1. For the range B:52-169, give the magnitude of the charge dipole about the Cα centre (Cβ charges: +1 Lys/Arg, -1 Asp/Glu; no others), in debye to the nearest 20.
2. With labels modelled as points extended 7 Å from the Cα through the Cβ direction, what inter-label distance (nm, one decimal) is found for residue A:68 paired with residue A:3?
3. If the only charges are +1 at each Lys and Arg Cβ and -1 at each Asp and Glu Cβ, what is the size of the charge dipole of the protein assembly as shown around the Cα centre, to the nearest 20 debye?
4. Taking each residue in B:69-76, count the Cβ atoms of any other chain within 10 Å of its Cβ, then average. What number comes out?
5. Just tell me, in residue order, which DSSP H segments of chain B are both 20 angstrom or longer along the helix axis (alpha-carbon based) and at least 0.0 in mean Kyte-Doolittle hydropathy.
6. I'd like the mean, over residues of B:216-227, of how many other protein chain beta carbons sit within 10 Å of each residue's own Cβ.
7. Can you compute log10 of I(q)/I(0) for the protein assembly as shown with the Debye formula, treating each Cα as one identical point scatterer, at q = 0.07, 0.09 Å⁻¹?
8. Beta carbons within 10 angstrom, averaged per residue: use that to sort the peptides A:232-244, A:194-206, highest first.
Amino acid sequence: MPNAVSVMLHHQRRVRWGSLLGVVALVLASQVVLRVNVHQALFGVVAGWAWLGAHFAPNAAALADLPEILYQLWRTVLVAIAATTVAGGVALVLGLAGALPTSHLKAVRGLVRLFASLMRNVPFVAWALILLFSFKQNDFTGFLALLLMTIGQLTRAFIETLDEVGPGPIEALTATGATYWQVIFQGVLPAVAAPMLSWLLYMIENNIRDATLVGMLTGTGIGFIFDLYFKGFRYASAGLVVLAIIAVTIGIELTSNKLRQVLNA
Amino acid sequence: MISNPELTADSLQPAKLTPTPRPRLRAKRPARALLLALVAITGYTLTTLAPHGVDLGAASLTFLRNLRLMFLQPHLGQETFAQLSQALLLTVALALLTTLIGAGLAFFLALITARNLAPRSLGDVMRSVMALIRAVPTILWVLVYATVIGLGTEAAVVGLSFHSVAYLTKAFAEAIEEVPKEKLDALRASGAGFWLTVRHAVWPLVRQRLLAWTFIRFEINFANAVAVGAAAGTGGIGYYLFMASAFYFDFQEVGLIVLMILVFAAGLEMIAVRMRKSLLTGN
């Protein structure tokens with residue numbers, strides 16, 4: 001009769017092989033649906049880089065487009081920051097209404113969470129395209145698309161952050177006779193300011209990355225001029241756009257890492 | 001990226017005898033300054049954002065009307081339900097495959113990136129390369145590959161995988177870096193080689209985190225797979241979404257597609273919650 005240890009080891013081994021088989025099955029199932037030509041895909045990995053090197057190297061003609069590229073990039077960064085900040089304000093209110101320690105009505109909490117989940121899961125392609133239909137092709141449409149995409153994400157993040165505060169400090173302040181808003185402003189918000197700003201920075205980073213795609217769909221900002229150059233076979237200018245995007249993205253990432261360090265210090 | 005504010009060097013120092021309010025003020029000032037800066041930038045941007053020639057009130061009304069059409073009167077349009085389901089399946093498969101490829105490659109790349117496992121110079125090079133790949137938006141990779149190997153699934157798979165690898169390598173490496181040094185040293189001191197250390201010190205501690213990151217990436221890849229179908233025309237549900245809204249202006253069909261995606265997302269969330277529970281109970 002096997003002893004307990006060997007039974008456990010046996011069970012562990014079975015779980016391990018089971019998970020591995022599960023992963024392999026998932027890969028195979030996706031391959032059955034997609035029917036990817038593996039040879040072509042692998043070839044593409046190498047060929048893509050070679051092609052980039054040959055066509056995307058910016059030349060003197062592309063430099064003439066630089067002012068326009070930098071202007072669009074500047075606008076895109078501004079729009080991303082503005083959309084994220086406004087979304088942060090909306091998400092703060094929703095977060096307070098949806099988090100356990102700050103909201104006493106179960107129905108309200110449920111509604112807010114449902115709303116956040118809905119907003120988060122509507123594909124941003126859908127937001128971008130419906131907004132484009134109503135608000136036409138301009139920066140404001142890009143702003144609204146990023147705003148709607150971000151509200152759901154930040155609301156969920158803020159609810160989780162507020163939930164982590166727990167009932168302790170709130171009960172302590174309430175016991176001293178503080179009103180609801182005094183508790184929120186004196187007890188809750190100072191405690192969550194740093195993590196919430198961290199989330200805001202993270203979403204700004206994300207939104208600057210996504211702005212290219214949103215711009216392609218809504219015909220605004222840096223995404224639009226990339227699309228314009230790329231489809232017009234002006235690859236050198238398109239390459240310059242990519243280089244500019246890389247520089248800004250890495251710059252923003254480094255800046256927000258620094259800011260996060262200062263915030264958490 | 002995700003750091004624990006309680007574990008900073010300051011909190012490890014012995015408590016001062018006379019608590020002064022100074023540290024508190026210092027901790028709050030950067031937060032306030034940053035918030036002010038963000039609000040100022042936002043204010044400036046909003047004043048320059050007003051569109052020319054668009055009546056915002058009328059536009060908002062059309063937008064709300066279209067939302068109502070989408071969510072309350074979803075309807076089939078040009079395509080049959082079977083076609084849309086097939087396309088959704090394709091998009092899910094695309095997200096799944098690229099996530100698994102990304103996670104598989106990223107695990108090994110993370111081992112040669114993490115500061116506590118890899119040689120310093122190798123780690124630095126890896127981090128820079130990954131930051132570079134991540135800085136290029138996914139859609140650009142897909143467009144480039146679509147140009148080189150032709151429009152189709154392959155371009156989408158390669159393009160999405162590229163970004164997933166870079167994203168997950170960073171996330172995985174950061175998870176690995178949180179493995180306590182003592183654990184690694186204990187195994188190394190007992191003569192365990194690289195793979196034994198990874199197997200017995202790293203893997204058991206990080207696998208939950210890695211699974212969580214993989215799940216997050218799957219969500220991102222699903223959104224990207226939809227977007228890539230729309231913006232690069234590589235097929236899947238995103239393509240129909242694009243056609244329905246930008247070509248046929250059929251918001252009822254857009255609504256149906258969005259609802260299908262929402263149902264799928266809800267199912268996914270349920271699976272994620274169940275997986276987290278079974279992981280926590282140690283099964």
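Values quoted throughout were computed directly from the atomic coordinates according to the rules given, and no laboratory measurement underlies them. Only a predicted model underlies this, so the values are computations on that prediction, with no experimental measurement involved. Here Cβ is always computed from backbone atoms with ideal geometry, including for glycine, and neighbour counts include all displayed protein chains.
1. 360
2. It is 7.8 nm.
3. Values: 40 positive and 26 negative charges, 276 e Å.
Using Cβ point charges on Lys, Arg, Asp and Glu, the protein assembly as shown gives about 1320 debye.
4. Numbers: counts 1, 3, 2, 0, 0, 0, 0, 0.
The shielding value for this peptide is 1.
5. Numbers: long enough: B:22-47 (38 Å, 0.27); B:56-72 (23 Å, 1.15); B:81-111 (45 Å, 1.96); B:120-135 (22 Å, 0.56); B:153-177 (35 Å, 0.75); B:203-231 (40 Å, 0.70); B:251-280 (43 Å, 1.49).
Those that clear 20 Å and a mean of 0.0 are B:22-47, B:56-72, B:81-111, B:120-135, B:153-177, B:203-231, B:251-280.
6. Working: counts 0, 0, 0, 2, 1, 0, 2, 9, 5, 1, 4, 9.
Counting Cβ atoms of other protein chains within 10 Å of each residue's Cβ and averaging gives 3.
7. Per q value, in the given order, log10 I(q)/I(0) is -0.44, -0.74.
8. Details: A:232-244: 20.1, A:194-206: 21.7.
The most tightly packed comes first, giving A:194-206, A:232-244.
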